[in-house]
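The values are calculated or read from the model by the stated rules, or taken from the named source; none is laboratory data. Just so it is clear, the model here is predicted, and its values are computed rather than measured. Here the Cβ positions follow ideal geometry from the backbone for every residue, glycine too, while neighbour counts run over all protein chains shown. Quick note on the areas: whole protein, heavy atoms, side chains included, nothing else; ligands and nucleic acids left out. Shrake-Rupley method; radii C 1.70, N 1.55, O 1.52, S 1.80 Å.
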Amino acid sequence: MPKNIETKPAQSLGFKVGDALWSNIFKKENAEQRSTLAIMKSVPIFTGMSKPQLREFIKIMHNRQFKKGEAIFYEGEPGVGMYVIQKGAVAITKGKGFVEKLAELSVGEFFGELALLDESPRSATATAVVDCQMIGLFRPDLFDLVERKPRLGNKLLFQLACLIGARLKRTNEELETVWARIEDAKVIS
Amino acid sequence: MNEVRQILTLSLPPGTVRRIALWAVIGLAFFWIVALLPTLQSLLVILVAATFLSLLLEPVVTLFENRGVNRTLSSVLVFAILVFLAIIAFKFLTPIVSQEISSVSAGISDESSTNAMQQLQDKLGDNIPFFSSPAVQVAIKKKVDLLMKSSLTMVVDILSAIMSMFMAAFITFFFLKDGRRIKKRLISWMPNRYFEMSLILIHRIATQLGRYIRGQLLVSLIVGSMSVFALYLLDVRYYFFIGALAGLANMIPYFGPLVGAMPAIIVAFLDTGEVGSIAAVAVAFGSIQMFESVLVAPYIVSKSVELHPLTIILVVLTGGKLLGIFGMLLAVPVSSIIKVMSVEISWGLQNYRVFD
């Protein structure tokens, strides 16, 4: 064994071990937070938010793990909030006897956002297709944030309004197309 | 054995066994908590007081946070304001309170109280023959003696109450500062199936209770202040104590106001011996009650937590048996809490697929 290593003070070695330990813990936290931040940035309702603002949301969001086949929520239950998929995939289905699959969502996608506004029943059932990791934002926490930090809370509510507005516009366009087709069909018949 | 199990499984609808087991566990836990109540009395009182205080102060901390101050500093600021107010109240109230304490203790220790009681009995006996019967007089004397003996232990109780107040303040500070984090951590332990339901239930219960407790305390404060002022104007002795007691007693519906008015009427009667002074105090308390029930309570206290009069009588008696005077005072708020919780939990069980 080389001489210089043998004579190294134990204390400095201890510090090195300690530093490595703490830096690893922080590195892990940072990596987790980084991945959460990256996923959140891809969600439209968090568009235009700075990192400190996103961190404020992380503080009030809940991490949840779901096993394959486990229900996240059922159709008809009162809505509480939205989920963003961090890992895994989620199936959105409708109906009890005959189950119709509406969509399969994957990492970075979100669902249940309308429940952030009111308690109306869930319009579909969400089930984990594989083992999933999700972050949830729920109405009581959001309303509490709106009271405590109105500027930040309103920013999210505005984004949510934009999202719903865009959806309404698209639905109207689709409705107009369908309506035009029905009118055409009437004329032909 | 297997056959019995098979018959049970076949005859019961799915999920029933689990439901029965769950209710049995809830029932057992409830009885266990009730059985432990007297043992954990002081701890329980501190925790309940800290919860009430934090629910009371929460909007003030939120108001500071709303102005851009962080949570910790907001909690510190609210506590600093409270300490400041307590110091001011201490400065102003100490002379009045110490004067009242010394006159009350002097009244209890010397012969004057016995004389006063005798005087009261005589006056009552003159007007109502029932009070002049020897059996009633002996019974009253026994009660008065018992009351005087218990006044000595009151000093020890006051000291331990001060200690408990400090503990409650300490816990309240952390409830205010880290309440959200504590709630988030607690709720993270919930299984997925109960998670959303628990989240919304906790929110609904906390909102209703916060409103109820803030409302009750505000009404008590208004009634207490008005009673102190009215008794001061009517020149009734111990006006501060009696008025404050009336404010506290107001938390017990129906007979709380009566309990609050009784000491004032007795003291007024002892001092003057005139029916007119009793009438004046009764009119003052009646007016305050009318003002409270017509103009204050409907706008402040939530109707959703109202209890049936019979329930109130039963819970006040049970509270008295379990925790004494403090139990009587806490009985109605605690029952209201239980009512809100059961209503909300039953709503949750009906609306969420918990048992499937």
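Return the carbon/sulfur percentage of the accessible area of the range B:166-206, one whole number, probe 1.4 Å, all protein chains in place. Reported share for carbon and sulfur atoms: 72 percent. Available extension along the chain between B:SER160 and B:TYR232 is 22.9 nm, counting 0.36 nm per residue and deducting the alpha carbon span.
A:LEU114 contributes an accessible area of around 90 Å² to the protein surface, as traced by a 1.4 Å probe with all chains present. Annotation for the range A:94-189: chymotrypsin sites (Phe, Trp or Tyr not before Pro) lying in DSSP loop with at most 15 further Cβ atoms inside 10 Å of their Cβ are A:PHE98. Once the partner protein chains are put back, the range B:151-193 shows a loss of at least 40 square angstrom of accessible area, versus the chain by itself, at B:ARG180, B:LYS184, B:ASN192 (probe 1.4 Å, ligands and nucleic acids excluded). For the range B:150-252, the fraction of alpha-carbon pairs lying more than 22 Å apart is 58 percent, rounded to a whole number. Taking both sides together, the accessible area buried where B meets A is about 2200 Å² for a 1.4 Å probe.
Using a 1.4 Å probe and ignoring any ligands, DNA or RNA, find the accessible area of B:TRP347 and quote it in Å² to the nearest 10. Rounded to the nearest 10, the figure is 50 Å². Model label points for A:ASP118 and A:THR47, set 7 angstrom from Cα along the Cα-to-Cβ axis, are 2.5 nm apart. Ordering B:58-70, A:75-87 by mean Cβ neighbour count within 10 Å, with the highest value first, yields A:75-87, B:58-70. For the range B:309-351, a reduction of at least 20 Å² in accessible area between the chain on its own and the assembled protein chains (probe 1.4 Å) is found at B:TRP347, B:ASN351.
The residues of the range B:13-94 expose on average 68 square angstrom of accessible surface per residue, using a 1.4 Å probe on protein heavy atoms.
Which translational diffusion coefficient, to the nearest whole µm²/s, is obtained for the range A:102-169 from the Stokes-Einstein equation, given a Kirkwood hydrodynamic radius over C-alpha pairs, 4 °C and 1.567 mPa s? The calculation lands on 94 µm²/s. Taking Lys and Arg as +1 and Asp and Glu as -1, the other residues whose beta-carbon sits under 11 Å from that of A:SER50 total +3. Rolling a 1.4 Å probe over the protein heavy atoms of the range A:68-159, with every protein chain left in place, gives an accessible area that is 56 percent carbon and sulfur. For the range B:197-214, a reduction of at least 50 Å² in accessible area between the chain on its own and the assembled protein chains (probe 1.4 Å) is found at B:LEU199, B:ILE200.
With all protein chains in place and a 1.4 Å probe, the accessible surface of the range B:262-314 carries 74 percent carbon and sulfur.
For the segment A:74-82, counting C-beta atoms of other chains within 10 Å of every residue's C-beta and taking the mean gives 4.
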